[in-house]
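Just below is one structure, and these are the notes that go with it.
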Amino acid sequence: MTFNLATALRESRLSHPGKPLCLLGDVTVTYDRADEASGRIAATLRRLGLRRGAKVAVQLPNVPQFLFTYYGILKAGLVMVPLNRS
């Protein structure tokens, strides 16, 4: 894995696992939770056969899953293309 925001997430998890990464409404997402969930997403994307540099379109509202998906895509070496429903 190259240095990107996913690397920063992993390093922050090691330093501050239980600290909040962000607040989304009444949901607190910790570094630990975000790193673990995004790791599962990255592994799934790789198992699906996506290759490094492939683009992944994502259409999600402001929910914790958007954050997990974003970091998971980065961990898998992919490029996220966020879609907007406006």
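Miscellaneous remarks
- Close contacts from the range 38-63, counting a first residue that is open to solvent by less than 60 Å² (accessible area, probe 1.4 Å) and a second that is in a loop (DSSP other than H, G, I, E, B) and not aliphatic (A, V, I, L, M), with Cβ to Cβ under 8 Å and a gap of 6+ residues or different chains, come to Gly53/Gly77.
- Options Thr28, Thr69: the member that is in a strand (DSSP E or B) and polar (S, T, N, Q): Thr28
- Meets criteria (of a type in the set (Ser, Thr, Tyr), touching a Gly at 6+ places or on another chain (Cβ under 6 Å) and touching a residue at least 12 places away in the same chain (Cβ under 8 Å)) for Thr69: no
- Checking each residue in the range 64-86 for being surrounded by fewer than 18 Cβ atoms within 10 Å (Cβ to Cβ) and either among the β-branched types (Val, Ile, Thr) or under 16 Å from Arg10 (Cβ atoms) (or both) picks out Val79, Val81.
- Qualifying positions in the range 52-85 - more than 19 Å from Leu5 (Cα to Cα) and among the basic types (Lys, Arg): Arg85
- Only a single item in (1) in contact with a Phe, Trp or Tyr (Cβ under 7 Å, 6 or more places away or on another chain); (2) open to solvent by 30 Å² or more (accessible area, probe 1.4 Å); (3) part of a helix (DSSP H, G or I) is not met by Leu21, and it is number (3).
The values are calculated or read from the model by the stated rules, or taken from the named source; none is laboratory data. Small disclaimer: the values here were computed from a predicted structure and weren't measured. Reconstructed Cβ throughout: ideal geometry from the backbone, glycine too, with neighbour counts over all protein chains shown. For the accessible areas, the whole protein counts, side chains as well, though only heavy atoms, and no ligand, DNA or RNA atoms are used. Shrake-Rupley method; radii C 1.70, N 1.55, O 1.52, S 1.80 Å.
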